[in-house]
Amino acid sequence: MIDELLANPVTLLCVVISLAVVVAGLVFAVTSPRMLLLVIKNLRRNLGRTTITCLATMVLVAMVTMIWTVIYTLDMVTTEKSKDFKLVVTERWQIPSQMPPTHADYLNPESPKFLPELKGMIGPNDFMTWSFYGGTLDPTKFTRENLLFMFVMNPKHIRSMMDDLDTLDPALVKKLGDTRTGVLLGPERLAMINKKVGERIKVTSLNYKGINLELEIVGELPAGRYDQSAIMSDAYFNDELDKYARTTGQKHPLDNKRLNLIWLRVRDRETFSKVGEIVENSPYFADRPVKVETASSGIGTWLAPYADILWRVRWIVVPAIIVSMTLVVANAISISVRERMTEMAVLKVLGYRPGTILKLVLGESMLVGGLAGLGSAVLTYALVNFAMGGIKFPIAFFPAFFVPAWGIAWGFALGAGTSAVGSFLPAWSARSVKVSEVFSKVT
Amino acid sequence: MIVLFGFLLILGAILVVVVVASVLASVFAIGVAVAPVRKVPFRYNLRNIQVRWKTSLVAALAFTIVVCLLTNLLGFVKGMDRLTEGSGVPGNVLVLADGATDEAWSNLPTSSVLQLPRDLQLLIEKNKDGEFLATQEVYVIGTHVIPNAPAGGPKRRFVQMRGLDNVRIAAELHKIELESGEWFSSSGVREIARDHNGSTVKDTALEVVLGSGLAKTFGQDVGKAALEPGDVIEMGRRYWYITGVMKPNNSAFGSEIWTKDRTVQELFGRQNSYNSYVVRTKDEATAKQASKLLKEFRSERAMNAQSELEYYSNLTRTNQQFYIAFMVIAVVVAIGGVLGVMNTMFAAINQRKKDIGVLRILGYRRWQILASILFESLVIALVGGILGLILGYLITDGVSATSIVSSGQGGGKSIVFRAVVDATVLLTGLLFTFVMGAVGGLIPSLSAMRLKPLESLK
C-alpha cells in the first residue's frame, strides 16, 4: 500500500493535501467553534447556491476520479517494481508471439531440460505459460456474445502466478486440474453466453482452425478483472493438437507455434538482468529468438499507440475539468462575497481582523468543496466498484478499471483544493473591504 | 443493480425532459428576440452583462473550457474516423482466411486470380497493361527497438509491415502514391555502405517504402522531422534501406512499412503464406457480389471475403469507444458549466428583483421576462462557446497523433493520424453551447418569471 502510494506522486500529493485540510479543519473547529458555526450558518443562508456549487463539484470530481482511475491503473502496471516482479518471454521480432512448446521446457524449473544456468533464480512456483485460444459458440454467428477467448495454461500455476488469483479457491483449481475438459469462466462471460456452472459448451475455434473443443464449466472466476475471462487446462488443448496430427496425418499449422507467452518471476532487478541475458543469448532459442522484458515494460509497449490520447486526457482533459471546477467555485463565492460586502464591513467594525474574514470565506468554500469532493469520491468508489463492475473501457488487456481506495483521497483533495484556489480572490476582496466605502454606498 | 438502473433511468428521463423544455424555451426566446413584437430591450440585458462583467466572464469562461475540450476530443475521433474511412477503396474486395476477423490472424496459401472460376475472374478489373488488379499481401506486426528511447518510456514499438508480391499493382489498388523516392526493386535488396567503429563497411539492406506517418515517427527517433529516401534503419538484426516515402493520403497504410513479400515471409517464418488477397472490381455493388462468390468458392482453404469499405468500417469500433467516452466526459463537464451559469443567472436575478418588478409594472408580461433572461443566458453561453470553438480549432485541427483502430475482436492497426475539426465537429460544439446555455438559463428564468411585481419592489 505504501509502495503504491510512493510510486504515484499525484496520489501522494492528494493524501498530503487531504491530511493537511483535515488537520487544519480540526484546528479551526477546536480553536474557533463560533467561527465554524458562522461558516455553517452562512452556507445555509443561500441553500440554492450552496446546493448548486456542491452538485457541480460532485459531478466534476466524479468525472476526474473515473478518468484518473484509468490513468492511475495504467501508470501502476507500467511502473517497474523493485522486487518480486514478473518477466514475460515472447517471440522477439513479431506479434502475436508464437513460440514452439519446447521453448517452455528450457524455462520450466520442473522440466528435465531446464537451463542449468537458471537454477536458483527461478523456482517451481515462478513459472507459467499461456496459449491463447479464441472461438465461437455459434459458428454461424460471430457476435461478441458468442466469442470466447481463453487462457490455456497449467491449472497449478493459476494461484502462484496469475495476478489477483492468489486467493482463488484451491478446490476450484483442483477441479479444473482433475477435469480434463474443464473451464473456468468470468461471471460476465457466463451471463453473456447464458450458461451456468456444470453446463457444457461447444467451441468452434477461430485461431486454431479444426481444433474444436467441448468444455465443461467447472467454476466461476472472481468478479472484477476476470469478469470476461476464461481459463482452460493446457492438457486438453495439447491432446487435441496431437489428435489432429493423428487423424489428419499432418501437424496442425500452429502446432509448433502454440505457445504465446512464458511468464517467470524473479526476486530483483539484478536477477532479471541475468535471466534476460541467459535466455536471449541461449542457443536453444535460436530457431525462434525470444526477448525477455518485465511485465510492466511489455504492457508499456502495448500501450504505446494510445500514448498520445492518454497524454491528452492526462494533461488537457483532467486539467480542463479542474479549471472548470475552480471557475464554478470562484463564480459562486464571488457572487456570495459581493452580496455580503456590507456584512463583511460590519464584521470589520465589530473587530474581526482581515485574516479572520479571509479564513471565514475560505472556510465556507473549502467546507462545501471538501465535503462535496469526499461524498462524490465515496459514491463513485461504491457505484463503480460494486454496482457497475468497473469502468468498462477496454484498452489493451484491461476490460474494466476499478477505483482504488486512494480515489477517496483524490476526491477530497480535489474538492477542497479547487475550492481553496477558486475562492482565494473573492476571499481576498472580502478581506480587503473598506468599511467607509461600503457604508457610503448603503442607502 | 436494478435499483441503480432504475435510478439512472429516472434521472435520464428527467434530464431529457429538462433539456427538451430548455431548448424549446430557448427557441422561443430567440424567436421573441428577433420577431417584431414588444419585448424587454436587448440593451437592458447587455447593460446587465456589462455591470456584472466579472461573473459573466467567469461563467462564459467555463463554457469556453467545456466547448474547447469537446472540440479537441471530437477532433481526434473525427481524425481516426477519416483515416479508417479513407483506407478502404470502393470496389476493392479484401479476402482473409475463414474465421479471421483481422489481417493479423489470417493465414492463406499462395494463390492466383487464374485459379478462380471464370465468372469471378470477369468481375476483377485489369490495369492498362492488362494485368489483373489483384495482390497477395503478407502482413506482420514486428517489434522495433526504439533508438535513443527516452528513459522511462517504452523501449520497443510495434511496427506494421506489409509484404507485397507486386508493389505497383498494390499501390494502384490501395491508391497509394509516393511523395519522394521510388518503389523498392524486384529483388527487394541492395548493397549499402555503413559506418562500423569509424570505418565504412559494406552490408546488405532490405528495401522498404515507409508510410508518411511512420517516416515522421522514425525521424523523431533520430532527431529529424521525417526519414527520407536513402536513410537506413535497423530492425530485427537487419538493415532496411528506405527507397521511398508514401504521400500522406489519410489511410491506415500511412502507418505501415511496405516491402517485398519474400522479405517478410523469410524473416518472419511465413514461407508460402499470405494474410490477405485484395482484388479490384468495378464498383461497390460488384465488390459485394464478388465477396459472395469468393465465400462460396471452395479452394484449398475457406475464405472470408468482404468489401474493403466494410472491413475498414468494422475497424471503427475503437473510434466509437473513444467517441462515447469523450461525449460522456463532455456532457459531465458541461453539467458543471451549466450549474456555473445557473449560479450566475440566479445571482443576476436576485440583484435585479426590483428591475423585474418595475418591468412587470410597466406592462411587460411574464413570458417577456422569461425570454429576456433566457436570451441573456444564451448570449453568455454563446460568447464563451464560440471562443471555445475557435480555441479548440486552433489547438486541434491538423495535430498529428497515434492510436489504434480495431474491430474489438482482437488485432487492430496502429495508426498515425491527423485530428480534424470540420463543420460537423464545430456544429456539435455549437449545439452543445446552445443546450448548455438553455438548460443553465431556464430555471433562473422561470424563477424570474414567477416574481410578483409588488413583492419584488419591497
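Could you tell me whether any residue of region B:406-425 is assigned to a strand (DSSP E or B), within 14 Å of chain A (Cβ to nearest Cβ), out of contact with any Gly (no Cβ under 8 Å at 6 or more places or on another chain) and polar (S, T, N, Q)? Within region B:406-425 (the criterion being assigned to a strand (DSSP E or B), within 14 Å of chain A (Cβ to nearest Cβ), out of contact with any Gly (no Cβ under 8 Å at 6 or more places or on another chain) and polar (S, T, N, Q)), the answer is yes, since at least one residue qualifies.
Residues satisfying the criterion are absent from region B:426-436 (criterion: outside any helix (DSSP H, G or I) and within 13 Å of chain A (Cβ to nearest Cβ)).
Tallying residues that are modelled with pLDDT of 85 or more, under 31 Å from the mean Cα position of the chain (by Cα) and not small (Gly, Ala, Ser) within region A:204-226 yields 6.
With respect to the conditions (1) among the hydrophobic types (A, V, I, L, M, F, W, C); (2) closer than 19 Å to A:Ala400 by Cβ; (3) part of a helix (DSSP H, G or I), A:Val173 lacks only one, and its number is (2).
Going by what's in this entry, would B:Ala100 be described as in the same structural domain as B:Tyr139 (by TED's automatic domain parsing) and in a loop (DSSP other than H, G, I, E, B)? It is true that B:Ala100 is in the same structural domain as B:Tyr139 (by TED's automatic domain parsing) and in a loop (DSSP other than H, G, I, E, B). From the list A:Ser419, A:Ser423, A:Ser376, A:Ser336, which residue is over 16 Å from A:Arg49 (Cα atoms) and either assigned to a helix (DSSP H, G or I) or in contact with a Pro (Cβ under 7 Å, 6 or more places away or on another chain) (or both)? Residue meeting the stated conditions: A:Ser376. Tallying residues that are away from chain A (no Cβ under 11 Å) and aliphatic (A, V, I, L, M) within region B:44-95 yields 9. With respect to the conditions (1) within 22 Å of A:Ser32 (Cα to Cα); (2) within 14 Å of another protein chain (Cβ to nearest Cβ), A:Gly363 lacks only one, and its number is (2). Of the residues making up region A:33-85, those that are of a type in the set (Ser, Thr, Tyr), surrounded by fewer than 17 Cβ atoms within 10 Å (Cβ to Cβ) and touching a helix residue (DSSP H, G or I) at 6+ places or on another chain (Cβ under 8 Å) are A:Thr79, A:Ser82. Checking the structure you have, find out if any residue of region B:346-355 is acidic (Asp, Glu) and modelled with pLDDT of 90 or more. No, region B:346-355 contains no residue that is acidic (Asp, Glu) and modelled with pLDDT of 90 or more. Here B:Gly75, B:Gly79 are screened, and the one residue that is in contact with a Lys or Arg (Cβ under 6 Å, 6 or more places away or on another chain), in contact (Cβ under 8 Å) with a residue 40 or more places away in the chain, buried (at least 18 other Cβ atoms within 10 Å of the Cβ) and in the same structural domain as B:Leu427 (by TED's automatic domain parsing) is B:Gly79.
Restrict the check to region B:118-129 and report whether at least one residue is surrounded by fewer than 16 Cβ atoms within 10 Å (Cβ to Cβ), farther than 19 Å from B:Ala290 by Cα and either away from chain A (no Cβ under 14 Å) or in contact with an Asp or Glu (Cβ under 9 Å, 6 or more places away or on another chain) (or both). Yes, that holds for at least one residue.
In the set (1) of a type in the set (S, T, N, Q); (2) under 30 Å from A:Met153 (Cβ atoms); (3) more than 25 Å from the chain's Cα centre (by Cα), A:Thr31 fails one condition alone, (2). For region A:396-413: of the residues being within 13 Å of chain B (Cβ to nearest Cβ) and more than 11 Å from the chain's Cα centre (by Cα), which is nearest to A:Leu310 (Cα to Cα)? Per the stated criteria, the residue is A:Ala396.
This table checks each residue for (1) in contact (Cβ under 8 Å) with a residue 24 or more places away in the chain; (2) farther than 30 Å from B:Val93 by Cβ; (3) touching a strand residue (DSSP E or B) at 6+ places or on another chain (Cβ under 9 Å).
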{"site": "B:Met303", "(1), (2), (3)": "yes, no, yes"}
{"site": "B:Gln306", "(1), (2), (3)": "yes, no, yes"}
{"site": "B:Leu309", "(1), (2), (3)": "yes, no, yes"}
{"site": "B:Thr316", "(1), (2), (3)": "yes, no, yes"}
{"site": "B:Ile324", "(1), (2), (3)": "no, yes, no"}
{"site": "B:Ile329", "(1), (2), (3)": "yes, yes, no"}
{"site": "B:Ile335", "(1), (2), (3)": "no, yes, no"}
{"site": "B:Met342", "(1), (2), (3)": "yes, yes, no"}
{"site": "B:Ala347", "(1), (2), (3)": "yes, yes, no"}
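Say we look at region A:269-279 and pick out the residues that are touching a residue at least 40 places away in the same chain (Cβ under 8 Å) and of a type outside the set (A, V, I, L, M, F, W, C); which of these is farthest from A:Thr79 (Cα to Cα)? It comes out as A:Lys274.
Of A:Gly355, A:Gly415, A:Gly407, A:Gly351, which residue is among the small types (Gly, Ala, Ser), within 30 Å of B:Ala151 (Cβ to Cβ) and modelled with pLDDT of 85 or more?
Being among the small types (Gly, Ala, Ser), within 30 Å of B:Ala151 (Cβ to Cβ) and modelled with pLDDT of 85 or more holds for just one of A:Gly355, A:Gly415, A:Gly407, A:Gly351, which is A:Gly407.
Taken over region B:330-350, the residue count meeting the criterion of being surrounded by fewer than 23 Cβ atoms within 10 Å (Cβ to Cβ), out of contact with any Ser or Thr (no Cβ under 8 Å at 6 or more places or on another chain) and within 8 Å of chain A (Cβ to nearest Cβ) is 3. From the list B:Val201, B:Val208, the lone residue that is modelled with pLDDT under 90, more than 25 Å from B:Met303 (Cβ to Cβ), more than 14 Å from chain A (Cβ to nearest Cβ) and out of contact with any Pro (no Cβ under 9 Å at 6 or more places or on another chain) is B:Val201. Condition check for B:Gly269 on (1) of a type in the set (Gly, Ala, Ser); (2) buried (at least 18 other Cβ atoms within 10 Å of the Cβ); (3) within 14 Å of another protein chain (Cβ to nearest Cβ): one failure, at (2). Restricting attention to region A:319-357 and to residues that are surrounded by fewer than 18 Cβ atoms within 10 Å (Cβ to Cβ) and in contact with a Lys or Arg (Cβ under 8 Å, 6 or more places away or on another chain), the residue that is farthest from the other protein chains (Cβ to nearest Cβ) turns out to be A:Gly355.
Going by the conditions given, is B:Arg237 farther than 24 Å from B:Tyr312 by Cβ, modelled with pLDDT of 90 or more and among the charged types (D, E, K, R)? Judged against the criteria, B:Arg237 is not a match. Taking the criterion of being more than 26 Å from A:Leu358 (Cβ to Cβ) and in contact with a Lys or Arg (Cβ under 8 Å, 6 or more places away or on another chain), the only residue of region A:25-79 that qualifies is A:Ile71.
Answer yes or no as to whether A:Val438 is modelled with pLDDT under 85 and either crowded, with 18+ Cβ neighbours inside 10 Å or part of a helix (DSSP H, G or I) (or both). Yes.
Of the helices (runs of 4 or more DSSP H) lying entirely inside region B:263-377, those containing at least 1 residues that are over 26 Å from the mean Cα position of the chain (by Cα) span B:284-296, B:317-351, B:353-361.
The single condition from (1) within 12 Å of chain B (Cβ to nearest Cβ); (2) more than 29 Å from the chain's Cα centre (by Cα); (3) of a type outside the set (Ser, Thr, Tyr) that A:Phe386 fails is (2). The residue pairs whose first member lies in region B:27-50 and is without any contact (Cβ under 8 Å) to a residue 24 or more places away in the chain, whose second member is polar (S, T, N, Q), and whose beta carbons are closer than 9 Å, counting only pairs six or more residues apart or on different chains, are B:Val37/B:Gln368; B:Pro41/B:Ser372; B:Gln50/B:Ser56.
The values are calculated or read from the model by the stated rules, or taken from the named source; none is laboratory data. Note that the structure is predicted; figures quoted are calculated from it, not measured. Ideal geometry is used to build each Cβ from the backbone, glycine not excepted, and the neighbour counts take in all protein chains shown.
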